[in-house]
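These notes are about the structure you will find just below.
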């Protein structure tokens, strides 16, 4: 499962980082980095929660 | 066949939407009814004071899952309907003459802007809804002079948006220090000074005693007797929980709907979420009512899950988070603003800084100005009940990381 980040929507509010610092980090330039290419299917529920928690709806999940 | 399980949500904004979505995804497949006072499906409010005011073309900001809610066959959305009361014994919500029966009720009616106890001529606005934002924006097109009453976060964002559109902007604030309740006095003064750096006049200690103009506002009269000329006025002096419709209904109210740590109200089968809820946050061992996007979003689904799985209900433990964008600056805060903050990175008069808040040895809050990379690292520390010393160490690491990056550049 892949995490898609819409950079046009993301303003690096960082909610995702606080929920999963192992997958997301706001970098020194103030932009969000997705730190992993692929996430195990078993993590879907947790990722869906993070997607919903994004204040700018910048995250989505793909295969 | 038994009657379907009725899951009713009063309030159709972020918390209400997320309560409804969680219920619709629940395996018990309850029948869901969402009742909203506005005519619109749930939309996103944070852009109303920023992007929406800055661009005439900006449409009503979408909220994830809102359109799907209306299309879902298990969901009935009743818009433009004001709830007028709850019969907690009979399990019924009243909308005037109409009654909606519930098995479980989630109240997410939000907050409503405080207003001044004064006669207000046309051209004096509050900002909470899409309709409010459109009304303000349409009058911003003419340019001229805006007076913002209240130097809180909404007022400051409106002021910054108006300035960006080329208006002359004055902010009048009754208190001597802005934002003191939100971030404390030291930090409030530091943030207030951002306005001056962008050519917006912030007048502190200035109460408003009246307005000039009859057909249209022409000025704001201050407590010292002076008048500030105005073509448009926005009042941003905070919000009150939307609970008056519950008066006398048997649900305990005290600056919001009083909830336990599970977001349960004092009435059986009734939960609350979002700006209207004052719940017992176990992480800080105190009741809190907060008007932030993140807590509204999370509480909506948390309340729904607790309501539908009472046997597996969990406490809602939360590190509050809010952000505010003024001019080209981002302010972010996590936790609770106890006591006097300590600067751990930068300085109060700099364009970027980090300050922490403590209770005893524990770090309980952090405020950053233009430190997007840092704030959530503090949120993680606060969630784990770490110490002030841990937070200072983090600040040193962050400063080092920035120095390394600067050296590489």
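Since every read-out is calculated from the coordinates, none of them should be taken as a lab result. Since the model is a prediction, treat every value here as computed from it, not as a measurement. For neighbour counting, all protein chains shown are included, and Cβ atoms are generated from backbone atoms with ideal geometry for every residue, glycine included.
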**Candidates B:50, B:163, B:377: whichever shows maximal mean-square fluctuation once chain B is modelled as a Gaussian network with Cα springs under 10 Å** = B:377
**Likely footprinting exposure, B:154, B:251, fewest C-beta neighbours within 10 Å first** = B:251, B:154
**Message:** Quick check on segment B:337-409: what are the equivalent-ellipsoid semi-axes from the Cα gyration tensor, as sqrt(5λ), descending, whole Å?
**Reply:** 21, 13, 10
**Request:** Using only the C-alpha atoms of segment B:286-338, find the volume of their convex hull and express it per residue in Å³.
**Result:** 88
**Item:** Computed P(r) (all Cα pairs; segment B:162-293; 10 Å bins; percent)
**Value:** 11, 28, 25, 22, 13, 1
**Complete:** Log entry: pair-distance distribution for the protein assembly as shown, C-alpha pairs binned every 10 Å from zero, whole % per bin is 4, 19, 28, 28, 16, 4, 0, 0
**Antiparallel DSSP beta bridges within segment B:1-156, as percent of all bridges there, nearest 5** = 35
**Prompt:** Which of B:53, B:14, B:246 moves most in a GNM of chain B, Cα contacts under 10 Å?
**Reply:** B:246
**Message:** Could you work out how much longer the chain between residue B:317 and residue B:288 gets when fully extended? Use 0.36 nm per residue separation minus the Cα distance between them, nm to one decimal.
**Reply:** 9.3 nm
**Prompt:** FRET efficiency for residue A:49 and residue B:97, Cβ-Cβ distance as r, R0 = 45 Å, nearest 0.05?
**Reply:** 0.70
**Request:** Mind telling me which of B:74, B:90, B:155 comes out most flexible in a GNM of chain B, alpha-carbon contacts under 10 Å?
**Result:** B:90
**Prompt:** Roughly what would the spin-label model give for residue B:254 and residue B:115, points 7 Å off Cα along C-beta, in nm?
**Reply:** 2.9
**Asked** If each residue's Cβ is checked for other Cβ atoms within 10 Å, how do B:100, B:134, B:169 rank with the fewest at the top?
**Response** B:134, B:100, B:169
**Request:** Would you mind giving the mean number of other chain beta-carbons within 10 Å of the Cβ of each residue in B:368-378, as a whole number?
**Result:** 5
**Item:** Three semi-axes of the equivalent ellipsoid, segment B:96-168, Cα gyration tensor, whole Å, largest first
**Value:** 33, 14, 13
**Message:** Can you tell me, using C-alpha contacts under 8 Å and at least 6 residues apart, the relative contact order of segment B:328-408 as a whole percent?
**Reply:** 28
**Item:** Between helix A:44-53 and chain A: long-axis angle, C-alpha atoms, 0 to 90°, nearest 10
**Value:** 30
**Asked** If you rank B:347, B:161 by fewest surrounding Cβ atoms within 10 Å, what's the result?
**Response** B:347, B:161
**Prompt:** How many nm is it between the label spots at residue B:401 and residue B:51, if each spot is 7 Å from the Cα in line with the beta carbon?
**Reply:** 2.6
**Complete:** Computed Rg/Rh for segment B:37-115 (Cα atoms; Rh = Kirkwood radius) stands at 1.04
**Prompt:** Mean shadow of chain A, computed from the convex hull of its alpha carbons, in nm²?
**Reply:** 3.8
**Request:** Can you tell me the relative contact order of segment B:115-235? Whole percent, Cα pairs under 8 Å, sequence separation 6 or more.
**Result:** 33
**Request:** Counting residues in chain B as N, plug N into 2.2 N^0.38 Å and put the Cα Rg over that result.
**Result:** 1.04
